[in-house]
Amino acid sequence: MKLRGHHLICILGYRGLGYSQEYVDNMTRIVEQLRPSTLLWICSEPDDICAPCPFLGEKGCQERGPGSEEVVRNRDLAVMERLGIAAGDSIPWGEVKERIRRCISPEDLVDICQDCQWLPQGYCEEGLHKLRG
């Protein structure tokens with residue numbers, strides 16, 4: 001499964017909402033498939049979650065116009081840096097969750113996800129709190 005860096009956090013806060021019904025159906029399917037042993041290929045480009053997104057264009061994310069992909073890529077890189085992983089790495093979901101638990105606090109989301117439309121909903125923050133137990 002190919003996932004971009006910031007989606008590793010989004011998955012924790014996923015509540016069955018998204019940009020279109022196709023997007024929601026796809027994300028739900030991906031989240032339901034994740035097991036601790038599921039091998040993820042990490043990237044900083046459109047991934048398996050992005051595939052049916054209505055904002056996906058030839059140059060990546062276009063949610064907020066032409067500069068959107070760069071903003072999203074920077075979010076990917078911020079997550080990957082905190083987790084000590086790089087684009088192209090393959091890592092099991094269970095290891096990703098453990099690294100997130102150790103390396104990313106709910107307070108970090110303000111810096112990582114400052115311009116994300118989902119941040120004010122608090123879903124990812126709740127997901128991080130739950131992961132950290």
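The values are calculated or read from the model by the stated rules, or taken from the named source; none is laboratory data. Since this is a predicted model, take the numbers as computed values, not measurements. No Cβ is skipped: glycine too gets one built from the backbone with ideal geometry, and neighbour counts run over all protein chains shown. Ligands, DNA and RNA are stripped out before the accessible areas are found, and what is left, the full protein with its side chains, is counted by its heavy atoms. Shrake-Rupley method; radii C 1.70, N 1.55, O 1.52, S 1.80 Å.
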Scope segment 35-46; condition surrounded by fewer than 17 Cβ atoms within 10 Å (Cβ to Cβ) and either in contact with a helix residue (DSSP H, G or I) (Cβ under 6 Å, 6 or more places away or on another chain) or of a type outside the set (Lys, Arg) (or both); matching residues: PRO36, SER37, THR38, LEU39, TRP41, GLU45
When segment 1-30 is checked residue by residue, the ones that are open to solvent by 30 Å² or more (accessible area, probe 1.4 Å) and closer than 19 Å to ARG132 by Cβ are CYS10, LEU12, TYR14, ARG15
Yes or no: segment 100-117 includes at least one residue that is open to solvent by 60 Å² or more (accessible area, probe 1.4 Å), over 16 Å from GLY5 (Cα atoms), modelled with pLDDT under 95 and assigned to a loop (DSSP other than H, G, I, E, B). yes
Tell me the residue from GLU95, GLU58, GLU70 that is surrounded by 14 or more Cβ atoms within 10 Å (Cβ to Cβ) and either of a type outside the set (Lys, Arg) or within 14 Å of HIS6 (Cβ to Cβ) (or both), please. GLU95
Among (1) within 17 Å of ILE9 (Cβ to Cβ); (2) surrounded by 13 or more Cβ atoms within 10 Å (Cβ to Cβ); (3) of a type outside the set (A, V, I, L, M, F, W, C), there is one condition PRO52 misses while meeting the rest; what is its number? (1)
